[in-house]
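Here is the structure we will look at, set down as structure tokens.
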Amino acid sequence: MKRNLLFIFVLSLTPFIVNAQIKGVICDEEKNPIEFANIILMYPDSIYIDGTVADINGNFDFQNVSSKASFMRISALGYKTLIKTIEWNGYNDTIMLASDNIHLDEVVITGNLPAQHLVKGGIITTVDGTVLSQLGNAMDVIEQLPGIMREDDKFTVFGKGTPVIYVNGRRLTDNSELNRMSSKEIASVEVITNPGAKYGAEVKSVLLVRTIKKRGDGLSGSAQAVVRAAHSWSNSDNISLNFRKNNLDIFGTFAFDYSKRYQQQNNFTTINTENNMYTLNSDIVILPVNTTYNANIGFNWQINQKNVLGAKYEFRTNPYNRSKWTTDERIELNNTPYDNIDYYTHWKRRNLPTNILNLYYIGEYGDLTLTMNNDYYSSRNKAEQKINEVSLSEGESVISSLNSVTSSMFASKTVLEYTFGKNTVGGGYEYTYTDRTDRYDNHNDFLSDANDNIKEHNIAGFISATFPIGVYEISGGLRYEHTISDYYENDIFISGQSRKYSRLFPNMDFTFPIKRAKFTLSYTAKTRRPLYSQLSSNIQYDDRFTYETGNPLLKPEMNHDISLAGIYKWFFFSASYQYVKDAIVGIVDAYQEGKPINLMTYQNYGHVSKYSAILSFTPKISIWSPRLRLNIMGQDLKISSMGTEQRLNNPLIFINFYNSFCFGKGLTITGDVLYHTVGDMDVVTLKPSWQINLGISISSGNWFYQLNATDAFRTARNSMITYGRQMKLEKWNYSDSQAVRFTIRYAFNSTMNKYKGKSAGQSERNRL
């Protein structure tokens, strides 16, 4: 009966459906699928019509193809490019590519084709064979994608928060791995702004990085060294090895990072109590020094064409992480000099260490695909704080504290997908158990100690489906999550701070064409649970006028998101509106009524409306590849500050203009201009900032050299105004952004491991 109804529904759409369809599978000479091959449709005069990228099984599919299409151009690194005549007799073919022994560094980029395509839930950008592959590393590539904002080694998707990042299906636990990945290894990057039900209910955006599938047995590897010269010297080194024999990969990576930075800051703070006005003028210098070790080892066993399993262990530690803050603060009370305080703050943090273990299995049983992942995570962190406070009026005092955090997590996730025709139906479950203890010892009498323990169980079930109907595609899913969070203080169960939640999270995508443009309309419901640090009850002393604490009573927020995205040739746009219920907002409250001490904490607001839009232009003009990106984000938020209502609804506009010039023979020159206007974000007004970055890179054989100059004119600022209930803080900030970076990389052999472990419990790990 259901099939009859579907058949009648499809017949009702036939006046609007063009039957022309081209699909197939790309494979090598041994009939192994070629992942992420590029397929281009062309007119008889070789003019571009449409393009796509094959999936991990080599499959590709074009809908609503013009009958004038005559040729397909199929290319993949390591294989000879094939030009194939299109046959219009229900085209469904297996296309075989012959291997090519030309080395990666001998490839010359001359294409003039669009590299972006709209896909379900987001946009995919082809990197292989484009100017993006010459940028240096994966960080440099991702930074230039539509809707992405980068700050150091962290990314934000406009309007969607911090993305979860996967490389070939394996979730990254450390973004610094992207610094160690050559841009030439990347086939494509997909930015998903409407993640489906199989992702956690807190995951609002996903980055899928797919590398080029390389062939061959034996030993392969790469070594990289990066030196950064700014206020001080920093360096980062890594080596990666992979050994493949038949269907078994054994791999490992070791990385060392030494970072020494400089930050200069001036704070002008106004505090209004019931009867007094305090003004604080503070000059601050921050000198952080950090040493990090990362290592991993694992194996991947392709049992046969239908079954694969693997395991991976990761180790990360920060044995030396210290920072020194020197503050000179001048204080006035009611416009009269009151006091002068010097603060000498020393932080010593250690990670002892973090251990991550992933076990996975993928099996195909006819039209069924089973994916299983099990993860274990543990970490121990200590942070020691010591402040020497020298007051002109009260003399010298010492404030110190020790914060110890121990976390462990187990997660399990199973996904089952069934494919029939072009339709896909999937479902599965995910379970996580987290145990986190946060102990805070204040070595002073005026602030109390804290000993919090949270034990949380989360079990989720989800279903999803995708149904192409002619030139249209409908996909959607539903996720159910049940969470039990038990809160303990000093080993005593606190019922008022414990939580139980049971919620449904639907999502839906509708993809449709208008002439030669393609659009996707999406709706998704997501949540954001408080970070465990935001639930802490400890109070941290910053200075005589500022404390910090969490809020154990915080509730998760609920986010309803409607988005529309479209793409036409080299033009892309996206717009999103969000209604956030119980929004978690960082605030600055009064610690005690009538006292000038401010408390930085978190609070649930009834609701906050947010919106964002993206425009991206990526043409190519001879050797010049300009990429202009415009982003706007705004909110509707009202707060009480300094006795009046403060409306924080001025939008932020970001304008990024990237330029690459490819001169052939591996030489590329880049010049980028980054700018953002004044605008509001939560309870902060960001001040304008701009910078110019310059770079040159050379590829020669197995070697790669790159020289970058960031913030060439030292104009970048992270300055802002923060509003609190009884205070206003104006901050001028320079964060060591003017720097020169030199990178040298050597890679040999073309084999890379095939590890596909996807990790479970990513949302919980982010909260830890």
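The values are calculated or read from the model by the stated rules, or taken from the named source; none is laboratory data. None of these values were measured; they are calculated from a predicted model. All Cβ positions, glycine included, derive from the backbone under ideal geometry; neighbour counts span all protein chains shown. Note: areas computed on protein heavy atoms with side chains; ligands, DNA, RNA excluded. Shrake-Rupley method; radii C 1.70, N 1.55, O 1.52, S 1.80 Å.
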For D445, indicate whether it is of a type in the set (D, E, K, R), at pLDDT below 90 and either in contact with a helix residue (DSSP H, G or I) (Cβ under 6 Å, 6 or more places away or on another chain) or under 30 Å from L599 (Cα atoms) (or both).
-> yes
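Out of everything in segment 629-649 that is small (G, A, S) and either more than 17 Å from V608 (Cα to Cα) or without any contact (Cβ under 8 Å) to a residue 12 or more places away in the chain (or both), what residue ends up being most open to solvent (accessible area, probe 1.4 Å)?
G643
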Does G111 meet the test of being at pLDDT below 65, under 19 Å from I567 (Cβ atoms) and surrounded by fewer than 18 Cβ atoms within 10 Å (Cβ to Cβ)?
-> yes
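Condition first: among the hydroxyl-bearing types (S, T, Y) and more than 15 Å from K555 (Cβ to Cβ). Now tell me which residues in segment 483-494 satisfy that.
Passing the criteria: only Y488.
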Among the residues of segment 679-720, write down those that are modelled with pLDDT of 95 or more and in contact with a Lys or Arg (Cβ under 6 Å, 6 or more places away or on another chain).
-> S689, S719, M720
Give segment 703-723 a look and list any residue that's under 12 Å from T685 (Cα atoms) and open to solvent by less than 20 Å² (accessible area, probe 1.4 Å), or say none.
-> S719
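Being touching a strand residue (DSSP E or B) at 6+ places or on another chain (Cβ under 6 Å) and either under 30 Å from E473 (Cα atoms) or open to solvent by less than 10 Å² (accessible area, probe 1.4 Å) (or both) is true for just one of T524, T546. Which residue is that?
Sole residue among the options that is touching a strand residue (DSSP E or B) at 6+ places or on another chain (Cβ under 6 Å) and either under 30 Å from E473 (Cα atoms) or open to solvent by less than 10 Å² (accessible area, probe 1.4 Å) (or both): T524.
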Test: T270 is touching a strand residue (DSSP E or B) at 6+ places or on another chain (Cβ under 6 Å) and modelled with pLDDT of 95 or more = yes
Is at least one residue of segment 658-667 closer than 20 Å to V740 by Cα, among the hydroxyl-bearing types (S, T, Y) and in a strand (DSSP E or B)?
-> yes
Hey, can you tell me all the residues within segment 424-447 that are open to solvent by less than 30 Å² (accessible area, probe 1.4 Å) and polar (S, T, N, Q)?
-> T432, T434, N442, N444
Top-ranked residue of segment 682-703 - restricted to ones that are among the aliphatic types (A, V, I, L, M) and in a strand (DSSP E or B), ranked as farthest from the chain's Cα centre (by Cα) = I698
When segment 527-538 is examined, which residues are found to be under 21 Å from the mean Cα position of the chain (by Cα) and either open to solvent by 10 Å² or more (accessible area, probe 1.4 Å) or modelled with pLDDT under 90 (or both)?
-> R528, R529, L531, Y532, S533, Q534
Please state which of the following conditions H346 fails to meet, knowing it meets all the rest: (1) at pLDDT 95 or above; (2) under 30 Å from Y258 (Cβ atoms); (3) in contact with a Lys or Arg (Cβ under 9 Å, 6 or more places away or on another chain); (4) crowded, with 16+ Cβ neighbours inside 10 Å.
-> (4)
Residues that are touching a Phe, Trp or Tyr at 6+ places or on another chain (Cβ under 7 Å) and either assigned to a loop (DSSP other than H, G, I, E, B) or more than 30 Å from V390 (Cα to Cα) (or both), drawn from segment 531-546 | Q534, N538
Might you check whether a residue that is out of contact with any Leu (no Cβ under 9 Å at 6 or more places or on another chain), of a type in the set (V, I, T), surrounded by 20 or more Cβ atoms within 10 Å (Cβ to Cβ) and within 24 Å of Y361 (Cβ to Cβ) occurs anywhere in segment 181-193?
-> no
Contact list, first residue from segment 276-292 and modelled with pLDDT of 95 or more, second anywhere and open to solvent by less than 50 Å² (accessible area, probe 1.4 Å) and aliphatic (A, V, I, L, M), beta-carbon distance below 6 Å, six or more apart or interchain, is Y278/I271; Y278/L333; L280/I331
Here the residues within segment 487-498 that are open to solvent by 40 Å² or more (accessible area, probe 1.4 Å) and in contact with a Phe, Trp or Tyr (Cβ under 8 Å, 6 or more places away or on another chain) are F493, I494
Boolean, S234 is modelled with pLDDT of 95 or more, more than 30 Å from E730 (Cα to Cα) and touching a Phe, Trp or Tyr at 6+ places or on another chain (Cβ under 9 Å) = yes
Residue pairs meeting the criteria (Cβ under 6 Å; at least 6 apart or on separate chains; first buried (at least 21 other Cβ atoms within 10 Å of the Cβ), in segment 738-756; second modelled with pLDDT under 55) | none
Looking at segment 328-343, which of its residues are assigned to a strand (DSSP E or B) and open to solvent by 20 Å² or more (accessible area, probe 1.4 Å)?
-> D328, R330, E332, L333, T336, P337, Y338, N340, D342
All but one of (1) of a type in the set (A, V, I, L, M); (2) closer than 30 Å to G566 by Cβ; (3) surrounded by fewer than 16 Cβ atoms within 10 Å (Cβ to Cβ) hold for I484; which doesn't?
-> (2)
